[in-house]
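Have a look at the structure below, then the notes.
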Amino acid sequence: MRSQALADPDEALLRRVAAGDPAAIQALVARKLPRICALATRMLGDATEAEDVAQEAFLRVWRQAPKWRAGEAKFDTWLHRVALNLCYDRLRRRREQPTAEPPDQTDPAVGADVEVEMMQTSNQVQAALDELPDRQRDAILLHHYQELSNIDAAAVLGVSVDALESLLARGRRALRARLQGLQS
Amino acid sequence: MREAPIDPSPISLERFSALADAFGADMRRWPEADRAAAQDLARQSPSARARLAEADTLDAVLDLSHIAAPSVELRDRILATAPKSRAIRGAGRDPASAKSRLLRWLSGVGAVGVLTCGALAGAAVVAVSGPSHVDTDGVAGLYDQANSLDAGGA
């Protein structure tokens with residue numbers, strides 16, 4: 001989007017990646033991989049599929065880096081859009097070819113009860129997120145978990161900031177109702 | 001004409017609540033245009049602070065969702081796909097097309113070799129047996145094979 005003439009914090013790093021600088025490539029992976037994995041895991045509820053999405057997203061990064069035109073979009077916004085689209089593809093395939101087994105959930109850590117409890121709570125929150133309409137869930141993932149600014153989250157979703165505000169408000173309202181037990 | 005009551009703040013409690021409902025308790029994440037006024041209202045209004053506290057509670061619950069950090073193996077797999085410095089411009093080409101280029105080159109070399117050998121052998125036969133029909137079907141067949149190899153590798 002041309003309207004985003006803001007400084008891109010990833011631009012210099014991306015230029016070095018495009019030049020094949022190994023340190024820059026490592027730095028970019030360290031900076032972006034956890035974010036992309038987290039987004040894909042929350043979208044898909046399946047760590048293995050999320051890893052596949054992350055790998056595919058980075059293949060696209062390597063292809064795009066030499067062609068990147070600074071000032072047209074923020075790299076982080078573009079990368080989130082790529083990851084989100086890869087997740088949508090997988091979710092669409094799942095709907096078209098439903099499987100009997102739900103995706104594997106992360107195994108709770110063996111041992112301490114407190115860790116098991118934390119995992120259960122985490123799964124409860126994830127389940128509440130999964131129940132939201134897709135656009136509301138995506139808005140919350142991008143804004144709350146990925147910590148994108150409202151402008152960037154709106155850009156990734158292709159909506160206005162006002163529309164994002166509405167998606168977030170409705171999503172959070174639904175979550176508040178569903179997660180009441182955890183709020184006390 | 002009655003004067004409208006002067007709002008001490010340019011943002012209403014209703015708007016403040018809507019922002020907290022949507023963007024959560026961290027006002028740094030709110031739209032920039034509303035931020036300063038919202039901070040003013042939060043300082044002045046206990047009701048506004050109560051709305052922030054509600055939003056903060058939901059933020060904290062959402063933060064109970066944990067995602068494991070990506071594995072070192074995944075990081076290494078991704079790094080292994082990264083372009084090397086001299087090859088960065090070829091990053092968009094996949095290994096299959098590289099294989100295809102190699103096959104094309106090899107088949108070209110093969111065809112030239114066969115043509116050369118065929119020409120030499122033909123010359124020898126002509127030299128020994130005199131002018132006769134020269135069968136070029138075999139050479140044409142090799143061309144076909146080269147082409148099909150190329151197509152198969154593409």
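Any read-out appearing in this document is the output of simple, stated calculations on the displayed coordinates, not a laboratory observation. Keep in mind that this is a model prediction, so the values were computed, not measured. Cβ: placed from backbone, ideal geometry, glycine included. Neighbour counts: every protein chain shown.
When the Cα centres of the stretch A:4-43 and the stretch B:9-79 are compared, how far apart do they sit, in Å? Distance between centres, Cα-based: 25 Å. Simple point charges give the picture: +1 on the Cβ of Lys and Arg, -1 on the Cβ of Asp and Glu, and for the stretch B:13-61 a dipole about the Cα centre of about 140 debye.
Model label sites at residue B:73 and residue A:7, defined 7 Å from Cα along the beta-carbon direction, differ in position by 4.1 nm. Peptides B:48-58, A:161-171 ordered by packing proxy, namely the average of other Cβ atoms within 10 Å per residue, highest first: A:161-171, B:48-58. Ranked by the mean number of other Cβ atoms within 10 Å of their residues, highest first, the peptides B:34-45, B:69-80 fall in the order B:34-45, B:69-80. Projecting label points 7 angstrom from Cα along Cα→Cβ for residue B:80 and residue A:27 puts them 2.6 nm apart. Counting Cβ atoms of other protein chains within 10 Å of each residue's Cβ and taking the mean over peptide A:47-54 gives 3. Sequence-distant contacts, meaning Cα pairs under 8 Å at least 6 residues apart, place the relative contact order of chain A at 22 percent. Ordering B:57, B:37, B:22 by the projection of their Cα atoms onto the charge dipole of the stretch B:13-61, which places +1 on the Cβ of Lys and Arg and -1 on the Cβ of Asp and Glu, puts B:37 at the extreme positive end.
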